[in-house]
Ligand SMILES: [Fe+2]
C-alpha cells in the first residue's frame with residue numbers, strides 16, 4: 001500500500017510498513033467482533049446468560065479498536081480496508097469453527113482465538129518499536145484489554161491448581177473438545 005504523504009517526522013517508507021501491519025490488525029479486529037457476536041448467539045446450556053452477557057462489552061470494545069486502527073491508517077495517509085472481502089483477503093487464520101455448543105466448548109475455542117490475536121498484536125508492538133511509537137502505544141493499550149478479557153475466558157477453563165483445560169490444544173475444535181470433556 002503506497003502513501004504519498006504521512007505524519008510529520010515519519011518517512012513514507014516507514015509509514016507503508018506501519019500501515020500494512022495495521023491493516024492486518026483492522027481485519028483481525030473486524031473478524032474478532034463478528035466472531036464474538038457469533039458466540040453470543042450460539043452459546044447454550046448451564047451458565048448461558050453469564051457468558052452471553054460477558055461477550056457484549058468485549059464486542060463494543062473491539063469494534064472501537066477497529067475504528068481506532070482504521071483512523072490511524074487514514075492519519076498515516078493510506079486507505080483502511082474495512083469490507084468483508086478485506087477480512088477474508090487479510091486473514092491468516094481459519095473461520096471460527098464452533099456452532100451451537102456449550103459454554104465450555106465456546107470458551108475453549110475462544111481461548112485459541114485470543115492466542116492468535118494477541119500473538120499477532122505483540123508482533124506489531126515489536127515492529128513498531130523502531131518505526132512508530134504512536135502506533136505502538138495504541139496497540140499496547142488494545143493488547144492489555146484483550147489479555148484481560150482472555151483471562152475472563154480462561155478463568156472458566158482453569159482448575160484449582162491453575163491448569164487450563166485447553167493446554168496443548170492446537171486447534172479450536174481440539175480446545176473445545178478438551179474444555180467440554182473437563183466440564
Ligand atoms: Fe444480543
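The values are calculated or read from the model by the stated rules, or taken from the named source; none is laboratory data. Just so it is clear, the model here is predicted, and its values are computed rather than measured. Cβ: placed from backbone, ideal geometry, glycine included. Neighbour counts: every protein chain shown.
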Item checked: Within segment 120-145, tally of residues that are closer than 17 Å to residue 61 by Cα and either free of Cβ contacts under 8 Å to residues at least 40 places away in the same chain or not in a helix (DSSP H, G or I) (or both) -> 5
Check: If residue 40 passes every condition in (1) more than 22 Å from residue 142 (Cα to Cα); (2) under 18 Å from the mean Cα position of the chain (by Cα) but one, which one does it miss?
Finding: (1)
Note to self: Pairs please, first residue from segment 29-53 and more than 14 Å from residue 97 (Cα to Cα), second anywhere and in a strand (DSSP E or B) and within 16 Å of the ligand (Cβ to nearest atom), Cβ atoms under 9 Å, 6+ apart in sequence or on different chains.
What the structure shows: 51/43; 52/43
Next item on the list: Please find, among 101, 94, 56, 111, the residue that is at pLDDT below 95 and within 21 Å of residue 34 (Cβ to Cβ).
Entry: 94
Note to self: Please determine whether any residue of segment 48-58 is in contact with a strand residue (DSSP E or B) (Cβ under 7 Å, 6 or more places away or on another chain) and closer than 22 Å to residue 172 by Cα.
What the structure shows: yes
